[in-house]
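Written out below as structure tokens is the structure these notes cover.
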Amino acid sequence: MIQKPKGTYDVFGKNSKKIIYFENLFREVMSKYNYEYFRTPIFEASELFHRGVGETTDIVSKETFNFKDKSDRDMTLRPEGTAGIVRSFIENKYYSNPSMPVKIWYMGPMFRYERPQAGRYREFYQCGVEVFGSNDPLVDAEVISIPVNIYKLLGFNGIKVNINTLGDTESRLNYKKALLDYFKPHINDLCEDCKARYEKNPLRILDCKVDASKSIMDNAPKIKDNLTEESLQHFEMVCKYLDSMGIEYVIKENLVRGLDYYTHTVFEVEANIKKFGSQNVLCGGGRYNGLVSTLDGPDMPGVGFAIGIERTLLALDYENINLIDEDGLDIYISYMSENEKAFAMNLVNILRLSGFKTDLDLIGRNIKNNFKQAERLKAKYVIIIGEEEIKNNILTIKNNISYEEHKIKFDDLIEFFDTNISE
Ligand code: AMP
């Protein structure tokens, strides 16, 4: 038997219902926030991720799925959503859109060659946003409020928002220098990856899972002592706007996030499930003012986040939050014999077009088994079509909860269900 590739999973049964519920909620929230849907390809030129996400990140240096197409071009399955959206934003000249900022949402599969475990897959789904064209800290706060509101609407209790700032380019340069000075005498105490990070991007040493518990980390310089006045002010305003919405957060000084492109605000939304460990991070994001120009677009600021859908659903399970819509069918239709099938088919079609969740016996059950099936599907009403019904154009409708029976003219059927089945 051929099995699914390592680190992937199939969706069916209860899980498919949960995913649909979550995705619909995300779409609805995005519409309320006035964001536009973008869909970009699942594979892109490898160079996009090398330049856009950064050579020093684990996801590009170790975790991408790469292949050559038949014309010998280097392609990569996208490991995250932002680089593709930025490419599309530039390629389609969306930066000249008069209605700034441009607020975009996306949802889809991402691919990282990671060691699979609960909440960590090689193919996983993210949904997220990117906002281009505003430097205002209001945008950072709006973007942070989206996952917070989503988790609130899902009924989560133990959610924590961690935020930090990495400052502007000047602050980052100051900070980089301070980190280089600090880690220089300790370089041999760092892991092999961090030795490379010391050369390429010392900020990422703070993000290292291997070195995290070492005492040299505790005394490392803090970004807040290296911020320019403007960067500090930006961060204070983000905090002020979060306060104004009553959004609670914790300032986590060593939060730098895995991707190279962040400037100013970085944040993550964390669940608090003991078994989860680092998988508790359900959502991560931040501001990336240099990314659009890095990818040959104009100098234009951006802010975004990505929610991990699998981790979010796992966390919901742990919190015993049941997203499944338990609503059954509105109407189940059965027929007495072969002769009534065409009539039944037309009826189910009309009812579906009129907005009722309707199904029809598709394997020719007997009456008893049809009632059992209606029970399994939690149908509110059952219609049984026989010769008489068709001849008189009057249908017998059975309420499957009260067991009441109604005789309704074919032409009055929709009105009957409109009155008796509420949303
Ligand atoms: P990142 O793009 O690394 O900032 O990740 C954003 C979110 O995507 C994380 O907080 C996770 O919820 C989710 N995520 C990242 N990598 C994986 C993975 N390999 N499997 C499942 N979810 C992931």
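The values are calculated or read from the model by the stated rules, or taken from the named source; none is laboratory data. As the structure is a computational prediction, the values presented were derived from the model and not from experiment. As a convention, Cβ positions derive from the backbone with ideal geometry for all residues, glycine included, and neighbour counts pool all protein chains shown.
Matching residues to (1) touching a Leu at 6+ places or on another chain (Cβ under 9 Å); (2) under 17 Å from GLY302 (Cβ atoms):
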position: LYS18; (1), (2): yes, no
position: TYR33; (1), (2): no, yes
position: ARG73; (1), (2): no, no
position: ASN92; (1), (2): no, yes
position: VAL102; (1), (2): no, yes
position: PRO116; (1), (2): no, no
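Quick one: would you say ARG78 is within 24 Å of ARG204 (Cβ to Cβ), touching a helix residue (DSSP H, G or I) at 6+ places or on another chain (Cβ under 7 Å), more than 16 Å from the ligand (Cβ to nearest atom) and in contact (Cβ under 8 Å) with a residue 24 or more places away in the chain? Here the answer is no, as ARG78 does not meet what is asked. Residues in segment 52-63 include none that are of a type in the set (D, E, K, R), over 25 Å from GLU192 (Cβ atoms) and more than 12 Å from the ligand (Cβ to nearest atom).
Consider segment 307-332 and keep the residues that are within 16 Å of the ligand (Cβ to nearest atom) and aliphatic (A, V, I, L, M). The one that is surrounded by the most Cβ atoms within 10 Å (Cβ to Cβ) is ALA315.
When segment 113-141 is filtered for residues that are under 30 Å from ASN15 (Cα atoms) and more than 16 Å from the chain's Cα centre (by Cα), the ones remaining, listed by number, are TYR113, GLU114, ARG115, PRO116, GLN117, ALA118. Residues that are among the hydroxyl-bearing types (Ser, Thr, Tyr) and at pLDDT 95 or above number at least 2 in the following strands (runs of 3 or more DSSP E) confined to segment 264-358: 331-335. Which members of segment 9-30 meet the condition of being under 30 Å from SER61 (Cα atoms) and touching a residue at least 40 places away in the same chain (Cβ under 8 Å)? Within segment 9-30, TYR9 is the sole residue that qualifies. For the structure I just gave you, tell me whether ILE163 is over 30 Å from ASN322 (Cβ atoms), over 19 Å from the mean Cα position of the chain (by Cα), assigned to a helix (DSSP H, G or I) and not charged (D, E, K, R). It is false that ILE163 is over 30 Å from ASN322 (Cβ atoms), over 19 Å from the mean Cα position of the chain (by Cα), assigned to a helix (DSSP H, G or I) and not charged (D, E, K, R). Here are some conditions: (1) closer than 20 Å to SER16 by Cβ; (2) part of a helix (DSSP H, G or I). GLN373 meets all but one. Which one does it not meet? Against the list (1) closer than 20 Å to SER16 by Cβ; (2) part of a helix (DSSP H, G or I), GLN373 comes up short only on (1). Scanning segment 1-26 for residues that are of a type in the set (D, E, K, R) and either surrounded by 14 or more Cβ atoms within 10 Å (Cβ to Cβ) or in contact with a Phe, Trp or Tyr (Cβ under 8 Å, 6 or more places away or on another chain) (or both) yields LYS17, LYS18, GLU23.
Tell me, yes or no, whether segment 257-277 has at least one residue that is out of contact with any helix residue (DSSP H, G or I) (no Cβ under 9 Å at 6 or more places or on another chain), surrounded by 17 or more Cβ atoms within 10 Å (Cβ to Cβ) and β-branched (Val, Ile, Thr). Yes: segment 257-277 contains one or more residues that are out of contact with any helix residue (DSSP H, G or I) (no Cβ under 9 Å at 6 or more places or on another chain), surrounded by 17 or more Cβ atoms within 10 Å (Cβ to Cβ) and β-branched (Val, Ile, Thr).
In segment 51-86, what residues are touching a strand residue (DSSP E or B) at 6+ places or on another chain (Cβ under 9 Å), surrounded by fewer than 13 Cβ atoms within 10 Å (Cβ to Cβ) and either part of a helix (DSSP H, G or I) or among the basic types (Lys, Arg) (or both)? LYS68, ARG73, listed by residue number. Of all residue pairs spaced 6 or more apart or on separate chains, those with beta-carbon atoms under 8 Å, a first member in segment 31-58 that is in contact (Cβ under 8 Å) with a residue 12 or more places away in the chain and a second member that is basic (Lys, Arg) and assigned to a loop (DSSP other than H, G, I, E, B) are THR40/ARG78; PRO41/ARG78; ILE42/ARG78; PHE43/ARG78; GLU44/ARG78; ALA45/ARG73; PHE49/ARG78.
So, THR165, is that one surrounded by fewer than 20 Cβ atoms within 10 Å (Cβ to Cβ) and among the β-branched types (Val, Ile, Thr) or not? The answer is no for THR165.
The rows are residues; the columns are (1) in contact with a Leu (Cβ under 8 Å, 6 or more places away or on another chain); (2) free of Cβ contacts under 8 Å to residues at least 40 places away in the same chain; (3) within 16 Å of the ligand (Cβ to nearest atom).
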residue	(1), (2), (3)
VAL292	no, no, no
ASP296	no, no, no
GLY304	no, no, yes
LYS341	no, yes, no
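Taking the listed residues GLU130, GLU199, the one that is among the acidic types (Asp, Glu), farther than 20 Å from ILE251 by Cα and buried (at least 22 other Cβ atoms within 10 Å of the Cβ) is GLU130, with no other qualifying.
When segment 117-159 is filtered for residues that are within 16 Å of the ligand (Cβ to nearest atom), in a strand (DSSP E or B) and touching a Phe, Trp or Tyr at 6+ places or on another chain (Cβ under 9 Å), the ones remaining, listed by number, are GLU123, PHE124, GLN126, CYS127, GLY128, VAL129, GLU130. Take the conditions within 16 Å of the ligand (Cβ to nearest atom) and in a helix (DSSP H, G or I) and apply them to LEU48. Does it pass? For LEU48, the condition - within 16 Å of the ligand (Cβ to nearest atom) and in a helix (DSSP H, G or I) - is met.
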